[in-house]
Amino acid sequence: HSKFKKIDQRGTKEYPAMKKGKPGSGVVTNNVATAMLTKDPYEIKVAISYFNNFVFSASGAQRWEKALEELPFLAHITTHASEMTQYADIVLPSTITMFEKLGYTKTKANGYATCTLVLPVVKPLWALRTDETEIPWDLAVKLKEKGFPNLHEYFRKEFKDPETGKEPTNGLEFTEYSLKIQTAPLWDGKKDVGGDKIKGWAEFRKRGMWNSSRYKYKSRWGKFKTKTHKFEFYSDTLKAALESHAKKHKVDVDGIMEVTNYTARGDLCFVPHYEPPFRHGDEKEYPFVFIDYKSRLNREGRSQNASWYQEFKHVDIGDIGWDDVLKINPADARKLGIKDADMVKISTVTGSYRLRARLWEGLRPGTVTKCFGQGHWAYGRVAAKDYGKAVPRGVNNNEIMPFDTERLSGSNVRNGGFTGVKIEKA
C-alpha cells in the first residue's frame, strides 16, 4: 500500500535517495537485503521477484543469500534457474524476449530516436507467461475470485484497446493493449510527432519500427528543470532538497552530509567539489584497490551459461576460457612472489577467495582487477562448475565487493576504489 514506507529505506536520514530534487523519490534496490535482515521498516513475509538475480548481480551478494534464507515465501519469475531461483518456493517460467514476448525497445543515437517492436516468432511450448503483464493479469483474476476485484477492474478499465475501446479479457490481450497504449503516439496519427508516418497499429506491426526525424541541434537546450530554471553551478535545487530532508530529520545539512559519508560542509555541499574516495578496508591491511570491469561477452549477467562465452573468454585481455582470473601488475607480483598462473588468495572486508593470477602490464601498480561475469554457482551446467553441487566457476565480483550506495541518489557503488584488497600467494 502506498501509505507504507518503502522497504529499501529511501527517505530515511541515511538514505536521502533524491530524484529530481525530491528526497525519498529515488530507489535503493540493493539496500532491500539489509532492510529484510534487520526487519526495518518492517518484516517481509512474501515476495514476488522477476527479471532479477540479486543473489549474483548485487554487490555484497552474501546479504541476499542470508535475507532469502529467512524469507518465508518467494515466487521467482525467470527464464533461467538462477542463484535467486534456488531460494524460491514457486518458480514461474517466463517467456523469452528474443522469441516469445510482445513488447518494444527504444534507442537514441546519432541524432535519431527509434522504437522497435519485439514480436513473438514462436508460441511457447509450455505454460509460460509474460512477467510484466500476463502474470499480473492472472493474479488480478484470482484476487477477484477471492473478493478483491480492484486490481482487475483497474486493468480492465484503464487498459482498453486505444483503437477499438475494447476491454482486455485475458493476459494476452492485456499485453497487446498495454503495448498499443505506450506506442500509440507513433502510429495513431492524432499528433504529428515527426519521423515516419504510420497509419494504424496493423501497419506499425508490419513495419516493426518507427524512426524519428533528425534532432535539430540545440533545440532542447535550456529549459532546465531546476529551481532557477538555469544550469546551476551553485545548486539551489540541491540546497532546497537537502534542507528539506534535514528539516524532516531534525538536523542541519551538515548532519545529513556526515551520515551520507560526504566530507563537504556548508556552501561547499552545493557546488562541484572534490571528495576523497570512500574506502572499505584499512589501507595497511588491504593495500590494493580492486577494479571491477565488464566482459565484452556479457549480456549483463545472463550469457555465462552459453558455451561460446566460456570458449571465447580470452577475448577479454588476459582471461582464460572456462576459468576465472585476477589480474596483477608484474611489478606488484614480483614483490609478492607471485608468478603468472599461480593461485592466489584475495581478501576484502567480505571474506577471502582463491583465484588464478595473470600478470598484466596494462594495469596500474597498486590495483588489481577482475572481469565481472564468472562466479555463477547456479544458472546452468555451463555457467556453474558443478550446478548440482552449487560449485561456482570462479568468483563473483559481487562477493568480493561489499555493499554500499551513493546515498544522495541511492545509486549502487561499484567503482572509484571503494574496495581495498589484500593479495597473498595461495
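Condition first: under 26 Å from residue 53 (Cα atoms), in a loop (DSSP other than H, G, I, E, B) and of a type in the set (Phe, Trp, Tyr). Now tell me which residues in segment 357-380 satisfy that.
377, 379
Read through the list (1) without any contact (Cβ under 8 Å) to a residue 24 or more places away in the chain; (2) more than 23 Å from the chain's Cα centre (by Cα); (3) farther than 30 Å from residue 193 by Cβ; (4) not in a helix (DSSP H, G or I), then give the number of the only condition that residue 124 fails.
(1) is the only condition that residue 124 fails.
Taking segment 36-66 only, how many residues are more than 27 Å from residue 97 (Cβ to Cβ) and within 18 Å of the chain's Cα centre (by Cα)?
4
Please verify whether segment 325-341 includes one or more residues that are within 24 Å of residue 82 (Cβ to Cβ) and either touching a helix residue (DSSP H, G or I) at 6+ places or on another chain (Cβ under 8 Å) or among the acidic types (Asp, Glu) (or both).
no
Exactly one condition in (1) touching a strand residue (DSSP E or B) at 6+ places or on another chain (Cβ under 7 Å); (2) over 17 Å from residue 369 (Cα atoms) is not met by residue 302; state its number.
The failed condition is (1).
Taking segment 372-386, which residues are closer than 17 Å to residue 401 by Cβ and crowded, with 24+ Cβ neighbours inside 10 Å?
Of everything in segment 372-386, those that are closer than 17 Å to residue 401 by Cβ and crowded, with 24+ Cβ neighbours inside 10 Å turn out to be 373, 374, 375, 376.
Any idea which of (1) out of contact with any Phe, Trp or Tyr (no Cβ under 8 Å at 6 or more places or on another chain); (2) over 29 Å from residue 153 (Cβ atoms); (3) exposed (fewer than 13 other Cβ atoms within 10 Å of the Cβ) is the one residue 37 doesn't satisfy?
(3)
Out of curiosity, is residue 408 aliphatic (A, V, I, L, M), buried (at least 18 other Cβ atoms within 10 Å of the Cβ), over 17 Å from residue 301 (Cα atoms) and within 23 Å of the chain's Cα centre (by Cα)? Outline the logic, then answer.
Working: aliphatic (A, V, I, L, M): yes; buried (at least 18 other Cβ atoms within 10 Å of the Cβ): yes; over 17 Å from residue 301 (Cα atoms): yes; within 23 Å of the chain's Cα centre (by Cα): yes.
Criteria met by residue 408.
Return yes or no: is residue 97 more than 19 Å from the chain's Cα centre (by Cα) and assigned to a loop (DSSP other than H, G, I, E, B)? First the steps, then the outcome.
Details: more than 19 Å from the chain's Cα centre (by Cα): no; assigned to a loop (DSSP other than H, G, I, E, B): yes.
Judged against the criteria, residue 97 is not a match.
Applying the selection to segment 264-297, what residues are acidic (Asp, Glu) and in a loop (DSSP other than H, G, I, E, B)? Steps first, answer last, please.
Of segment 264-297, the ones acidic (Asp, Glu) are 267, 275, 282-283, 285, 292.
Across segment 264-297, the qualifying residues are 275, 282, 283, 285.
With respect to residue 95, determine if the residue is among the polar types (S, T, N, Q) and within 12 Å of residue 209 (Cα to Cα). Please lay out each step first, then the result.
Working: among the polar types (S, T, N, Q): yes; within 12 Å of residue 209 (Cα to Cα): no.
Considered against the rule, which asks whether it is among the polar types (S, T, N, Q) and within 12 Å of residue 209 (Cα to Cα), residue 95 comes out as no.
Out of contact with any strand residue (DSSP E or B) (no Cβ under 7 Å at 6 or more places or on another chain), of a type in the set (D, E, K, R), surrounded by fewer than 16 Cβ atoms within 10 Å (Cβ to Cβ) and outside any loop (DSSP other than H, G, I, E, B) - does that describe any residue in segment 55-68?
yes
Quick one: which residue in 201, 221, 187 is among the aromatic types (Phe, Trp, Tyr), modelled with pLDDT under 95 and over 29 Å from the mean Cα position of the chain (by Cα)?
On the way: 201 fails: modelled with pLDDT under 95; 187 fails: modelled with pLDDT under 95.
The unique qualifying residue is 221.
Within segment 339-355, is there a residue that is over 19 Å from residue 292 (Cα atoms) and either of a type in the set (Ser, Thr, Tyr) or without any contact (Cβ under 8 Å) to a residue 12 or more places away in the chain (or both)? Give the steps one after another, and end with the answer.
Our first condition is that a residue be over 19 Å from residue 292 (Cα atoms); within segment 339-355, this holds for 339-343.
Now restrict to residues that are either of a type in the set (Ser, Thr, Tyr) or without any contact (Cβ under 8 Å) to a residue 12 or more places away in the chain (or both): none.
No; the residues of segment 339-355 include none that is over 19 Å from residue 292 (Cα atoms) and either of a type in the set (Ser, Thr, Tyr) or without any contact (Cβ under 8 Å) to a residue 12 or more places away in the chain (or both).
Residues are listed down the side, and each one gets a yes or a no for (1) over 22 Å from residue 29 (Cβ atoms); (2) β-branched (Val, Ile, Thr); (3) assigned to a strand (DSSP E or B):
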position	(1), (2), (3)
335	yes, no, no
340	yes, no, no
344	yes, yes, yes
355	yes, no, yes
382	yes, yes, no
394	yes, no, no
423	yes, yes, yes
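Among the numbered criteria (1) farther than 30 Å from residue 183 by Cβ; (2) basic (Lys, Arg); (3) not in a loop (DSSP other than H, G, I, E, B), which single criterion is violated by residue 106?
For residue 106, the failing item is (1).
Which of the numbered conditions does residue 210 fail, given that it passes all the others? Conditions: (1) touching a Gly at 6+ places or on another chain (Cβ under 8 Å); (2) surrounded by fewer than 16 Cβ atoms within 10 Å (Cβ to Cβ); (3) in contact (Cβ under 8 Å) with a residue 24 or more places away in the chain.
(2)
Would you mind telling me which numbered condition in (1) farther than 30 Å from residue 379 by Cα; (2) assigned to a helix (DSSP H, G or I) residue 261 fails?
If we test residue 261 against (1) farther than 30 Å from residue 379 by Cα; (2) assigned to a helix (DSSP H, G or I), just (2) comes out false.
From the residues in segment 277-332 that are over 22 Å from residue 58 (Cα atoms), exposed (fewer than 15 other Cβ atoms within 10 Å of the Cβ) and among the acidic types (Asp, Glu), which one is nearest to the chain's Cα centre (by Cα)?
The selected residue is 311.
The values are calculated or read from the model by the stated rules, or taken from the named source; none is laboratory data. Please read all numbers here as calculations on a predicted model, not as lab measurements. A quick note on method: Cβ atoms are made from the backbone with ideal geometry, for glycine too, and the neighbour counts reach across all protein chains shown.
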